[in-house]
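One structure is given below, encoded as structure tokens.
Derivation of every value follows stated rules applied to the coordinates shown; laboratory data play no part. As the structure is a computational prediction, the values presented were derived from the model and not from experiment.
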Amino acid sequence: MIEQTLVVIKSYNTLAEAEIARSILASGGITASLRNEYSSTLYPTGIIPVQLIVSSEDEAAARDLLSVR
């Protein structure tokens, strides 16, 4: 089994912002997932940020895509 290293490339205060970023990455062919997406809705904004996660192989390309925005 091949282990994949995951990297948090950015944290967001709202789920909506994180979803937009994930859709930008998806349009570029990069699979991303969100961490804390449900916890962030239970607590006030910013206490538990939503983290955008990609594989370490896609990190550079993901950061490039998000920097254009």
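Shown for the chain is the translational diffusion coefficient from the Stokes-Einstein equation, using the Kirkwood radius over Cα pairs, a temperature of 25 °C and a viscosity of 0.890 mPa s: 200 µm²/s. Once the Cα atoms are used to define both axes, helix 15-27 deviates from the longest principal axis of the chain by about 20 degrees. Relative to the dominant Cα principal axis of the chain, helix 59-68 is inclined by about 60°.
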